[in-house]
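Working notes, beginning with the structure itself.
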Amino acid sequence: MQGLLYNPPLSLYVHMPWCVRKCPYCDFNSHAAPGTLPAEKYIDALVSDLEQELPLVWGRPVQSIYFGGGTPSLFSAAQIAVFLSAARARLNLRPDIEITLEANPGTIEHDSFPAYAEAGINRVSLGVQSFDDNLLKRIGRIHGRLEIEQSLRSLNSAGISNFNIDLMFALPGQSPGQSRRDVEQAIDAGPAHISFYQLTIEPNTAFAAQPPRLPGHDTAWEMQQTGLEILEASAYRQYEISAFAQAEKQSRHNMNYWRYGDFLAIGAGAHGKITLAADGQVRRYAKHRHPKRYLQGPESGDWCAQMHVLSDEELVFEFFLNQLRLKQGITVNDFSARTGLPWKVVESRLQTAADKGLLEVRDKHVRHTALGWRFVNDIQQMFLP
Ligand code: SF4
């Protein structure tokens with residue numbers, strides 16, 4: 001590292017590792033919930049975990065908190081409130097902080113969102129995936145259309161207008177018409193944000209062991225293009241590969257991730273990244289993955305499964321891996337501030353991408369070309385360590 005490293009904006013990610021049952025396509029760190037969730041014990045563990053992280057970030061303002069999972073909405077509003085008041089007492093939370101709860105229809109009691117709002121949640125990400133009962137069954141979801149409608153009504157009565165709908169396409173047996181209807185219904189629900197992404201078969205999932213019949217490549221491409229056109233023709237602008245938002249409604253938390261900001265990570269299997277500008281270091285770390293092991297943390301004091309200081313080449317790769325997902329492009333200043341490296345270390349690779357017509361490099365600013373936006377993976381690979 002030869003330049004000056006700056007501490008970027010800071011967010012807090014909180015992982016809640018249980019779901020009602022495991023979806024067959026899911027490779028997240030989620031576990032089928034036991035009969036009785038050790039919810040209070042888990043919240044106590046989260047607070048202890050947070051406390052041991054504090055020396056890394058003393059005084060730094062926190063701009064967003066994200067409860068992800070798993071299914072955080074399996075935790076009651078009162079339990080979320082206990083954690084948030086502990087966080088408020090220990091961290092410097094910005095007055096306009098964004099606090100998101102991931103929630104799955106079917107895990108929400110009818111009156112829950114007003115209670116979550118009362119607890120401090122001001123943004124919700126709802127795992128809808130499809131509005132079609134048959135397709136939802138085929139991908140093993142526990143909810144149907146009825147539960148989606150109940151969740152939307154509950155969000156409305158809580159006054160939470162800043163919500164995201166997660167929507168998938170290329171589901172088993174899905175037709176382009178069904179995918180189009182899903183997108184239209186998502187828009188009709190009036191969310192501030194829509195995440196629209198393709199179902200992929202990940203290793204070590206039930207679908208990998210017994211693959212369902214998925215729409216072919218051309219059909220999936222058609223679904224994606226149609227979805228994109230409908231979204232762009234309404235109030236939603238694509239700002240990231242899978243993310244569409246109304247004006248000023250981009251996810252602040254995810255933007256910080258993609259812009260290579262810092263993340264405190266607490267909870268089972270949570271991954272964090274912290275810049276220690278004074279030491280000229282950027283660290284990556286992950287917490288113990290299994291909830292049983294994680295719950296031993298308060299007694300053992302052992303939270304981390306791994307931690308390492310990123311090398312210069314890893315910094316370059318991670319920076320471009322994330323930033324290239326964003327439509328807004330990349331500036332020289334961001335690169336140098338977030339990696340502590342001079343621009344010259346990437347100039348030749350950028351020039352190669354520009355020569356292939358994938359990137360435009362102008363006035364210390366890099367943008368995808370239309371072709372480059374279709375081949376983001378190829379550009380990312382040019383920055384592999
Ligand atoms: S609800 Fe989400 S996190 Fe839980 S198993 Fe299904 S896909 Fe995975």
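The values are calculated or read from the model by the stated rules, or taken from the named source; none is laboratory data. Given the structure is predicted, the values throughout are model-derived calculations rather than measurements. Here the Cβ is made from the backbone with ideal geometry for all residues, glycine too, and neighbour counts use every protein chain on show. Heads up: the accessible areas ignore ligands, DNA and RNA and are worked out on the full protein's heavy atoms, side chains in. Shrake-Rupley method; radii C 1.70, N 1.55, O 1.52, S 1.80 Å.
The per residue volume of the convex hull around the alpha-carbon atoms of the stretch 244-385 is 144 Å³.
Checking every one of the GluC sites (Glu not before Pro) in the stretch 199-279 against DSSP loop status and a limit of 14 other Cβ atoms within 10 Å picks out 248. Cα-based radius of gyration for the stretch 198-243, normalised by 2.2 N^0.38 Å, reads 1.47.
Our analysis of the chain gives Rg over Rh at 0.96, with the two radii drawn from alpha carbon positions and Rh computed by the Kirkwood formula. Only helices enter the 222 nm calculation for the chain: every DSSP H run of n ≥ 4 contributes -39,500 (n - 2.57), and dividing by all residues gives -11000 deg cm²/dmol, rounded to 500. All Cα-Cα distances of the stretch 123-276, cut into 5 Å bins from zero to the largest, leave 2, 8, 17, 18, 19, 17, 12, 6, 1, 0, 0 percent in each bin in turn. Between 311, 348, 11, the residue with the greatest mean-square fluctuation in the GNM of the chain (Cα pairs under 10 Å linked by springs) is 348. Place +1 on the Cβ of every Lys and Arg and -1 on the Cβ of every Asp and Glu in the chain, take the dipole about the Cα centre, and give the residue among 83, 352, 168 whose Cα lies farthest towards its positive end. Result: 352.
Counting lysine pairs in the chain that sit 8 or more residues apart in sequence, or on different chains, and whose Cα atoms lie under 14 Å apart gives 4.
Across all C-alpha atoms in the stretch 94-166, the radius of gyration and Dmax reach 12.6, 43 Å.
What percent antiparallel are the DSSP beta bridges of the chain, to the nearest 5? So the antiparallel bridges in the chain amount to around 40 percent. Across the stretch 1-92, the relative contact order, built from alpha-carbon pairs under 8 Å that are at least six residues apart, equals 43 percent.
The charge dipole of the stretch 1-102, taken about its Cα centre with unit charges on the Cβ of Lys, Arg, Asp and Glu (plus for the first two, minus for the last two), comes to roughly 40 debye. Accessible surface area normalised per residue over the chain is 45 Å², counting heavy atoms of protein chains with a 1.4 Å rolling probe.
Over the stretch 301-385, the alpha carbon radius of gyration divided by the compact-protein estimate 2.2 N^0.38 Å works out to 1.18.
Of 362, 141, the order by accessible heavy-atom surface (1.4 Å probe, DNA, RNA and ligands excluded), from most exposed downward, is 362, 141.
Using a probe radius of 1.4 angstrom, the carbon and sulfur fraction of the accessible surface of the stretch 314-385 is 48%. Cα-based radius of gyration for the stretch 52-174, normalised by 2.2 N^0.38 Å, reads 1.18.
Distances between placed amide hydrogens fall under 5 Å for residue 97 paired with no residue 5 or more residues away or on another chain. Placing +1 on the Cβ of every Lys and Arg and -1 on the Cβ of every Asp and Glu, with no other charges, gives the chain a dipole of roughly 260 debye about its Cα centre.
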